[in-house]
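The values are calculated or read from the model by the stated rules, or taken from the named source; none is laboratory data. Nothing here was measured: the structure is a model prediction, and the numbers come from that model. Note: ideal-geometry Cβ built from the backbone for every residue, glycine included; neighbour counts use all protein chains shown.
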Amino acid sequence: MSHKILSKQQLCQNVYTADIVAPLVAAAAKPGQFVIVCLKGSYSERIPLTIAGCDIKKGTIRLIWQAVGKSTLEFGDINVGEDVENILGPLGRPTHIENFGTVVCVGGGIGNAPLLPIATGMKKAGNRVISIIGARTKDLLILEDDFKVISDELIVVTDDGSYGRKALVTQPLEEACKKSPKPGLAVVIGPTIMMKFCCATTKKYDVPTVVSLNTIMIDGTGMCGGCRVEVGGQTKFVCVDGPEFDGHKVNFDLMMRRMQAYKKQEQQAIEEYKHKCQIGLNK
Amino acid sequence: MNEQQLLNELLKKHKDGILKPSDRFNIPAQAMPQQDPAVRRTNVSEVALGYTETQARLEALRCLQCKNAPCVSGCPVKIKIKDFIAQIADGNFQKALDIIRENSLLPAVCGRVCPQEVQCQLPCTVGKKFNDVEKSVSIGRLERFVADWGRKQKSQSSPAIAASTGKKVAVLGAGPGGIVVATDTRRAGHDITVFEAFHKPGGVMVYGIPEFRLPKAIVQEEIDGLTKMGVKIVCNFVAGRTKTIKDLIEKDGFDAVYIGVGAGLPMFMNIEGEHLIGVYSANEYLTRANLMRAYDFGKGADTPIAMSKHVAVVGGGNVAMDSARTAVRLGAEKVYLIYRRSEKEMPARVEEVHHAKEEGIEFHLLRNPKRIIGSADGVVTAIECLKYELGEPDASGRRRPVPIEGSEFTIDVDTVVVAIGNGANPLIGQTTQGLTLNKWGNIVVDENCKTSLDGVYAGGDIVLGAATVILAMGQGRTAAAAINEYLKKK
C-alpha cells in the first residue's frame, strides 16, 4: 500500500509538515507513538518519526520532520499528490495519560511536534497544562498557535530573544517546578541536550519527568537493538520499551554519543543528494 | 577416467542391476564447486555454486537406498530422501523435485541453509561406514541441485488449491514458517493474508541470511509463488501494534491466526562499553548489510554501516559466521571471531566455519570479551578478552567454559558485532491478553503448535528461541495441518 501526501507545508526553515494517507496507523495511533518511514523500498533508509496527529475519519496521519539528513531532505522534496512507499506503525508504547493535576509540557525545536498530541491528551484528561515551547530563534518556532489552544498557560522562549522570552526552556521550567502546587508531571521532548538539562532541573524539585527518545533505528519492532539506551543502568530498547522513559534515569551522555555514530556518512550522503538536486535544477 | 566416464560406467552397472554397495562406497564424495576464497571476499555473490548434473548423479549413486532410510528420521519435514535421490541417479530430475515438494515447500532454501550434518546426513549409513559424517551422502546439495534445476525450467506450476472454504487465516510474519503456513492453508482453500512488519517479505531470509549464502532472488521466487496462489501479502504491518490479534479475529473476521514473528531483542553481554559507537548486535549489522543494502551506501543505498578495518565478532553460531563473513565483504582488513568454547562446541555449521576460515577470518577460541574499550568521543578502539578453559559439562551437555584469571589481553578493533542470540520479541506478549508465555517470553504451544488461545497458533523463533529456517518450516507444517483441521470443525 502506498501513502499519498494530501497536504504539505513548510513550517519554517527545514521543517515540514504533511498529512499522509495511512488509515491503519491513523486508526491505531495514540499519543506518544511513532512510525517508521521508508520512502522508496530497499534502497531507502528507515527513519523513525513521531506522530504529530491523526485524523481517523480521513485515514491520515500528520508527520512533522526536520530535513537534516539525506532521507529527511528527500522526504521534504516529495510533493503533494505523490506517494511515500512504506509507513510502519504505530510503534512504541503510548504515553501514559491520566490526571496528574498540573502537567508541564516542555518542547524544544522539532520536539514540539510529538509533544502536541501528548499535551492535548493531558488536557483532555483534566490536567492543567503549562506548555513551555522554545526554539533557537523566532523563525524556527513551530506550532505556537496549536499549543495556545490546548494550554492553560503557554510560555514561549527563544535562545536569542528574537521572540517571546529570551531564555532556555529550563528557566521557565524551574519556575513552574517552584510553584505550588508542584506539577505532578513534566513531559520533555526536544534535542537530547535539552532533555538532559530539563531532567536535571526537575530532579532538583522531585517532579517526575517523562522524556521521549528518538534514537537511530532499523526495524522499530524489537529486533535489531540499534536503538538501545541505558536507563537506570540497564539496557533498554527505545522501540519496544519506549520511546518514553523516566528522564531521571536516562543516560543522556551515552545516548548523545550514539546519535553521532554515522555523522561522517550522513554528511557525505547530504552532499551527494544536494549535488544531485543541483544537477537536476540545471537541466 | 573423468567424471563423465565414471558416471557412464556406474550407470551401466546400475542398469544391469549389478551395482554393488562396494561400488557405491568407491564413488568419491562429490565436492561442492565454490567461488575462490580470494575472489569472493570482495563480492556478495553466492559462495557455493551447485553441483553439475554429472556430479549430482554420481553423488546420488553413492546412496545405498537403505530399506529403513535412517536419513528421514533426521529431517524435520520428513522428505522421502532415498526416493528423490534414486530419481536423480536415474536422471529424472522432475520426478525428484515432485517427491521433495510433497514434503518441503522451499527446497532451494533448505538445500542451502539446512544444517544437514546434524539432521538427515547424521544417521546416513554411508557416513557411518566411513565413520565420518562429512562422507555421508550430500543430501542437502542434492536437494539444492534438484531445486535449482526446477527453477531453471521455469515450469513450477502452482500447487492445486481446494474450493474456497470462505474461512480466513492471518499469518503474522512472512518468514520461512509463515510462508509454509500460508501455502499449506491456502491449498486447503482458505483465504490467506500474510502480515509482515518489514517493507519486504522473507523474514530472516532477507534481513539475516546474507546473499552469499542465500540469494534474495530465490526468496523472491517463493514469495511470488505465494502471490500466484492468491495469498495476500501486507507489508508494514506490525502485529500487536497496527492491529492486535484480538482485533484481527473479532473485527476483521479472521478464523485463525498463525504467529511467526521471528527473532526478538538481541542479547548483549552486559559488559562495559557495549554502548560505544561501533558496537552492533548481529541482527542490526546483518539487517543493515542485507535488507538495507549498506554495502551499496553512497551508490544508491541510503543506510550506512561502519566502515570497519578491524572487526571482532563475538559468538560461535551461524549468525556469527554470517556477520564475520559480511564484515570481510564490507572491506574489513582483519576480522576476528571470538568464541568462549572450542571449535568442537561451536553451534555453527561445519561448512560455514570452513568457509569463514577460507576467507581469512581469525578464530580466537576459548576467549571471551571482558570489556570494550573506547576513545574519548565514544568510539570503539579495542576489545579486552579473557582466556578460557573447558570445565565440567553444563546443562546443555557442552563443557562449561571457565575464565583463566589474569589472562586478559586486548585486540585493537574499531567494530564489535555481538552474535550471542536473541530473546523473545515482547510485542505480541505485551498486546495479546490470555496468551501464555514461558519465563523467557516465548509463546507456549502444544504438539500441534496451538497456543493458549483458541484458533491461534505459533511457531519458529517466537516459540523455540533462536532456531533454524527448517525448524520454523517444520512447525509451520504442523501448525498449518492443525489450522486446516480446526477450520474444518469451525
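From the list A:Pro183, A:Pro191, the one residue that fits, being of a type outside the set (Asp, Glu) and either buried (at least 20 other Cβ atoms within 10 Å of the Cβ) or touching an Asp or Glu at 6+ places or on another chain (Cβ under 9 Å) (or both), is A:Pro183.
When the criteria are applied in full, B:Thr431 meets the requirement of being within 20 Å of B:Lys243 (Cα to Cα) and not assigned by TED's automatic domain parsing to the domain that holds B:Pro107. Do we find a residue being modelled with pLDDT of 95 or more, closer than 30 Å to B:Glu102 by Cβ and more than 14 Å from chain A (Cβ to nearest Cβ) anywhere in segment B:425-444? Yes, because at least one residue in segment B:425-444 is modelled with pLDDT of 95 or more, closer than 30 Å to B:Glu102 by Cβ and more than 14 Å from chain A (Cβ to nearest Cβ). Residue pairs whose Cβ atoms lie under 8 Å apart, sitting 6 or more positions apart in sequence or on different chains, and linking a residue in segment B:473-490 that is touching a residue at least 12 places away in the same chain (Cβ under 8 Å) and within 16 Å of B:Asn103 (Cα to Cα) to a partner that is among the acidic types (Asp, Glu) and surrounded by 19 or more Cβ atoms within 10 Å (Cβ to Cβ), are B:Gly476/B:Asp184; B:Arg477/B:Asp184; B:Ala480/B:Asp184; B:Ala481/B:Asp184.
Residue-wise test of (1) within 14 Å of the chain's Cα centre (by Cα); (2) closer than 21 Å to A:Pro90 by Cβ; (3) more than 14 Å from every other protein chain (Cβ to nearest Cβ); (4) basic (Lys, Arg).
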site: B:Gly175; (1), (2), (3), (4): yes, no, no, no
site: B:Thr185; (1), (2), (3), (4): no, no, yes, no
site: B:Ala188; (1), (2), (3), (4): no, no, yes, no
site: B:Ala197; (1), (2), (3), (4): no, yes, no, no
site: B:Gly202; (1), (2), (3), (4): yes, no, no, no
site: B:Tyr207; (1), (2), (3), (4): yes, no, no, no
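Within segment B:131-154, being loosely packed, with under 15 Cβ neighbours inside 10 Å and touching a helix residue (DSSP H, G or I) at 6+ places or on another chain (Cβ under 8 Å) holds for B:Glu134, B:Gln153. Of the residues screened, B:Arg241 is one that is outside any helix (DSSP H, G or I), in contact with a strand residue (DSSP E or B) (Cβ under 9 Å, 6 or more places away or on another chain), within 11 Å of another protein chain (Cβ to nearest Cβ) and of a type outside the set (A, V, I, L, M). I'd like the residue in segment A:228-264 that is free of Cβ contacts under 8 Å to residues at least 24 places away in the same chain and not basic (Lys, Arg) and, out of all such residues, is surrounded by the fewest Cβ atoms within 10 Å (Cβ to Cβ). So the residue we want is A:Gly233. The C-beta contact set for segment B:195-214 (first residue assigned by TED's automatic domain parsing to the domain that holds B:Arg141, second residue assigned to a loop (DSSP other than H, G, I, E, B) and buried (at least 21 other Cβ atoms within 10 Å of the Cβ), distance under 9 angstrom, 6+ apart or interchain) is empty.
Would you mention how many residues in segment B:153-194 are in contact (Cβ under 8 Å) with a residue 12 or more places away in the chain and at positive phi? Of the residues in that region, 3 qualify. Of the residues in segment A:186-203, at least one is at pLDDT 90 or above, more than 19 Å from the chain's Cα centre (by Cα) and not polar (S, T, N, Q).
Condition check ((1) under 30 Å from A:His275 (Cβ atoms); (2) touching a Leu at 6+ places or on another chain (Cβ under 6 Å); (3) not assigned by TED's automatic domain parsing to the domain that holds A:Cys239) across all residues:
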| site | (1), (2), (3) |
| --- | --- |
| A:Asp55 | no, no, yes |
| A:Thr72 | yes, no, yes |
| A:Asn86 | yes, no, yes |
| A:Gly107 | no, yes, no |
| A:Arg128 | no, no, no |
| A:Ser131 | no, yes, no |
| A:Arg136 | yes, no, no |
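Scan segment B:435-446 and tell me whether some residue there is within 24 Å of the chain's Cα centre (by Cα) and either among the basic types (Lys, Arg) or crowded, with 20+ Cβ neighbours inside 10 Å (or both). Yes, there is a match, as at least one residue in segment B:435-446 is within 24 Å of the chain's Cα centre (by Cα) and either among the basic types (Lys, Arg) or crowded, with 20+ Cβ neighbours inside 10 Å (or both).
The combined condition, being away from chain A (no Cβ under 13 Å), in a helix (DSSP H, G or I) and either within 21 Å of the chain's Cα centre (by Cα) or in contact (Cβ under 8 Å) with a residue 12 or more places away in the chain (or both), is not fulfilled by B:Ala312. In this structure, is B:Val126 part of a helix (DSSP H, G or I) and more than 16 Å from the chain's Cα centre (by Cα)? Judged against the criteria, B:Val126 is a match.
Within segment A:193-226, can you find the residues that are within 14 Å of chain B (Cβ to nearest Cβ) and without any contact (Cβ under 8 Å) to a residue 40 or more places away in the chain? Once the filter is applied, which keeps residues that are within 14 Å of chain B (Cβ to nearest Cβ) and without any contact (Cβ under 8 Å) to a residue 40 or more places away in the chain, segment A:193-226 yields A:Gly222, A:Met223, A:Cys224, A:Gly225, A:Gly226.
Among the residues of segment B:48-83, the ones that are closer than 21 Å to B:Gly476 by Cβ and out of contact with any Cys (no Cβ under 6 Å at 6 or more places or on another chain) come to 7 in all. If you go through segment B:261-288 and pick out every residue that is assigned to a strand (DSSP E or B), facing chain A (nearest Cβ under 8 Å) and surrounded by 24 or more Cβ atoms within 10 Å (Cβ to Cβ), you end up with 3. The number of residues in segment B:321-360 being in contact (Cβ under 8 Å) with a residue 40 or more places away in the chain and either in a loop (DSSP other than H, G, I, E, B) or not assigned by TED's automatic domain parsing to the domain that holds B:Leu390 (or both) comes to 8. Step by step: first the residues of segment B:248-260, then only those that are small (Gly, Ala, Ser) and surrounded by 20 or more Cβ atoms within 10 Å (Cβ to Cβ), then the one that is nearest to the other protein chains (Cβ to nearest Cβ). Which residue is that? Within segment B:248-260, the match that is nearest to the other protein chains (Cβ to nearest Cβ) is B:Gly260.
Looking only at residues of segment B:398-424 that are assigned to a loop (DSSP other than H, G, I, E, B) and within 11 Å of chain A (Cβ to nearest Cβ), we find that the one that is surrounded by the fewest Cβ atoms within 10 Å (Cβ to Cβ) is B:Gly423.
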